[in-house]
Amino acid sequence: MSLERLQAMRSLLKSEMEKSETFSLVLEKTGTKLQEINTKLLSLEADVKVDKWRSLPFSDHIRHTIAPISAALRVFATVQELERSLMSCKDVLGYVSDVKRLGEALKLLSSSCVLALTWLEETIQFLSENGMPEDHPCGLRFKTSIKLLKELQMTEARAYLSGGSLCTALENLETEFERILEEEEVLSESNMRKLKTIIKRLDAHCVPSYIKIRTRVIQKRFENGYLHKTITEDDNVQDNEGDIDQWRFDMEIAVKEIYEFESKLCYQVFEDVGEEHDVPLRCFGAIASNSGLLQLLRFGSRISKCKKSPPKLLKLLGCFSTMDNIRTEFNRLFKGELCSDIRRETRELISNLVKGVCEIFWELPCQVELQRPNNPSLDGGVPKLVSVVTEYCNKLLGDKNKPVLSKILEIDLGWKKEKYQEEILIGHIYNILREIALNLDAWSSSSKETALSYIFMMNNHSHFSGLRETHLGKMMGESWLSAHEQYRDYYAALYVKESWGKLLSLLTIKSQPARRKRARESIKRTLQDFANGFDEIYTKQSDWVVEDERLRWKICQAMVRTVVPRYKSYLQSYIMLLVEEDPMRPGNDLSYTPKGLEMKLKTMFQSKEETERTYKCSHFVNKVMDLEVTQNSHLTFEAI
């Protein structure tokens, strides 16, 4: 009976071994060998259960072997189910959950295979010790089963290889992670939940991807050609004004919006990772250092080193103001070792801005003085240098620039261990004006035309007295402004006297020859000489400039008041002689009537178009200005 059982077992094992060999060939050639393993082991389990009574002496050992094999097969079935689920899952959170379960199932499968193998190996050893031959079909089948279980044990390792189920699933998670990070609404509640769930599964593997994606997102915001522009010490700041304005805008947006948002995102995404590892800080530092901020800072330094000029000072003030406005956010955001390069570049930029501003500011009086030999072409108007410098000083003293300039001077003096006081700034502005005054005195003295020099001085004093409502005027004070008003009127009076005094001396009333005809000829010559002299003065001064319209009107009224009454008085004194010559049209040969003379005087210092409009105007507004003329005196700007 025992022999019959052994023959039956042998026949069964032989049959199963043939099946195992066929299964092994399929396993090597196809990608579904794991399913084949499952089938064969299930067959083994069933056959052993059916025929265990035939091998009663070994039934206990075989029965104990079946349990771990069955457990391994059930785990393998779960693995297959999870793999199918991953292929059809569309929900990110569900997908992450299945990936986590798949990883756990694969680990359990590996440990189950180890247990089953242990039991199989112990059973084979027991059977061998109890007389089972080496070539016994039962032992051979168990050895084949061991081979198949070891193959099954490799399922977890293969799942992590390229193309494996778990590797593919993790790659899909990383792709979804990167896609979410590129969305504009990355901070939405839904996206944050997805990101945190993925991070829990990917763990540290997601940090490099996070840095790469967020760096790329910011770099797209800074795709500006000017950041790579070459600027040398010979370049003028005016040639780069547009780039500088764009830089200021980009720098403020970068710190207050882009990197502020980036820091918030880092800390929210990685808040569950734990700050003890400084993951948020390290991620932000890596992103900030590689996304374009260093290029922004270096461009600012290049601007600070271009050619020195007054316009550059104003631009550097604007750049410093921008950096000062973002200082609080900057110090809060860019900390940590990975931001050390950013902090170093920032210190260098601030140093360059301070030095650039101070170099130009302290040299301003000297720059004005250097223009003294360059006499402007005098037309009586305010030289461009004067208007430009006063406007420049107004800008420096403006509400936007003065606080920034004061702070820069304070920093510069602090580096030199000196104390800053506002009087330093005010005194330096005064020095600039003093050099302008010296220039004006020199240019006025160089003029060969005395009347023109008076017009020149009058216009410039008028320019300074008109600064009352400006920052510069308020700084210099009311007494300074009033002094310029007085000198303006003084030079206006000197101009009238110088221009018309000699001509009016022709109209002196004196005794005429006894003979009427000779007397009339003398009067007519005098009037003709006066007319010629008037025309000469008018023509010569037609290109002279009186820039202030109110001042021009006052000058014209002063000339009318000075010239017309004398002319009218002269005519009235000799009108009878003129009537005797031509009773019907007395004074027919006169070049000017008093009214015509008045109209022409009122068009002095006007453009051709304005003169034509004046002659067409039917109404004249007459104002009187009393000027006291001081003879043989000379005042200078420096005396103010």
Inset, instruction - Read through the list (1) open to solvent by less than 20 Å² (accessible area, probe 1.4 Å); (2) of a type in the set (Gly, Ala, Ser); (3) touching a helix residue (DSSP H, G or I) at 6+ places or on another chain (Cβ under 7 Å), then give the number of the only condition that Ser447 fails. - result: (1)
Inset, instruction - Determine whether Met87 is assigned to a helix (DSSP H, G or I) and modelled with pLDDT under 80. - result: yes
Inset, instruction - State all residues of region 264-278 that are touching a helix residue (DSSP H, G or I) at 6+ places or on another chain (Cβ under 7 Å), part of a helix (DSSP H, G or I) and either among the aromatic types (Phe, Trp, Tyr) or surrounded by fewer than 21 Cβ atoms within 10 Å (Cβ to Cβ) (or both); if no residue qualifies, say none. - result: Tyr267, Gln268
Inset, instruction - Within region 490-509, identify whether any single residue is farther than 21 Å from Val382 by Cβ, modelled with pLDDT of 90 or more and surrounded by 15 or more Cβ atoms within 10 Å (Cβ to Cβ), and answer yes or no. - result: yes
Legend entry - Criterion (in contact with a Leu (Cβ under 8 Å, 6 or more places away or on another chain) and within 30 Å of Trp544 (Cα to Cα)) met by exactly one of Val357, Val368: Val368
Legend entry - Per-region count, region 549-579, residues crowded, with 16+ Cβ neighbours inside 10 Å and within 18 Å of Ser499 (Cβ to Cβ): 16
Inset, instruction - Report yes if some residue within region 241-260 is of a type in the set (Gly, Ala, Ser), closer than 22 Å to Tyr95 by Cα and free of Cβ contacts under 8 Å to residues at least 60 places away in the same chain; otherwise report no. - result: no
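Residue-by-condition table, conditions (1) among the charged types (D, E, K, R); (2) closer than 20 Å to Trp443 by Cα; (3) touching a strand residue (DSSP E or B) at 6+ places or on another chain (Cβ under 7 Å):
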site	(1), (2), (3)
Glu345	yes, no, no
Ser351	no, no, no
Lys355	yes, no, no
Val368	no, yes, no
Pro373	no, yes, no
Pro383	no, yes, no
Asp399	yes, no, no
Inset, instruction - Report yes if some residue within region 498-506 is in contact with a Leu (Cβ under 6 Å, 6 or more places away or on another chain) and not in a loop (DSSP other than H, G, I, E, B); otherwise report no. - result: no
Legend entry - Residue within region 202-209 that is outside any loop (DSSP other than H, G, I, E, B), open to solvent by 50 Å² or more (accessible area, probe 1.4 Å) and of a type in the set (A, V, I, L, M) present: yes
Legend entry - Scan of region 331-344 for residues that are crowded, with 19+ Cβ neighbours inside 10 Å and not in a loop (DSSP other than H, G, I, E, B), ordered by number: Leu333, Leu338, Cys339, Ile342
Inset, instruction - Mind listing whichever residues of region 135-156 are at pLDDT 75 or above, within 16 Å of Trp119 (Cα to Cα) and either touching a Lys or Arg at 6+ places or on another chain (Cβ under 8 Å) or outside any helix (DSSP H, G or I) (or both)? - result: Leu148
Legend entry - Output for region 372-403, where each listed residue is open to solvent by less than 70 Å² (accessible area, probe 1.4 Å) and in a loop (DSSP other than H, G, I, E, B): Arg372, Pro376, Leu378, Asp379, Gly380, Gly381, Val382, Pro383, Leu397, Gly398, Asn401
Inset, instruction - Would you check if there is a residue in region 105-115 being open to solvent by less than 10 Å² (accessible area, probe 1.4 Å) and over 60 Å from the mean Cα position of the chain (by Cα)? - result: yes
Inset, instruction - Looking for whichever is in contact (Cβ under 8 Å) with a residue 60 or more places away in the chain and not in a helix (DSSP H, G or I) here; the options are Thr197, Thr215, Thr232. Which one fits? - result: Thr232
Legend entry - Members of region 441-452 that are free of Cβ contacts under 8 Å to residues at least 60 places away in the same chain and in a helix (DSSP H, G or I): Ser444, Ser445, Thr450
Legend entry - Verdict on Ile408 being β-branched (Val, Ile, Thr), open to solvent by less than 10 Å² (accessible area, probe 1.4 Å) and either free of Cβ contacts under 8 Å to residues at least 12 places away in the same chain or more than 29 Å from Gln486 (Cβ to Cβ) (or both): yes
Inset, instruction - Filter region 454-473 for residues that are open to solvent by 10 Å² or more (accessible area, probe 1.4 Å) and either acidic (Asp, Glu) or in contact (Cβ under 8 Å) with a residue 60 or more places away in the chain (or both) and give the result. - result: Ser462, His463, Gly466, Leu467, Glu469, Thr470, His471
Legend entry - Lone qualifier among Ile350, Ile360 - being in contact with a Pro (Cβ under 7 Å, 6 or more places away or on another chain) and within 16 Å of Phe320 (Cα to Cα): Ile360
Inset, instruction - Please determine, by comparing only the residues of region 581-603 that are open to solvent by 90 Å² or more (accessible area, probe 1.4 Å) and modelled with pLDDT of 60 or more, which one is nearest to Lys524 (Cα to Cα). - result: Asp589
Legend entry - region 235-263: number of residues that are closer than 17 Å to Phe330 by Cα and assigned to a loop (DSSP other than H, G, I, E, B): 0
Legend entry - Residue check, Lys416 modelled with pLDDT under 95 and more than 30 Å from Glu547 (Cα to Cα): yes
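The values are calculated or read from the model by the stated rules, or taken from the named source; none is laboratory data. Computed from a prediction, not measured in an experiment: that's the story for all the values here. Methodologically, a virtual Cβ is constructed for each residue, glycine included, from the backbone with ideal geometry; neighbour enumeration extends over all protein chains shown. These accessible areas exclude ligands, DNA and RNA; they are computed on the full protein's heavy atoms, side chains included. Shrake-Rupley method; radii C 1.70, N 1.55, O 1.52, S 1.80 Å.
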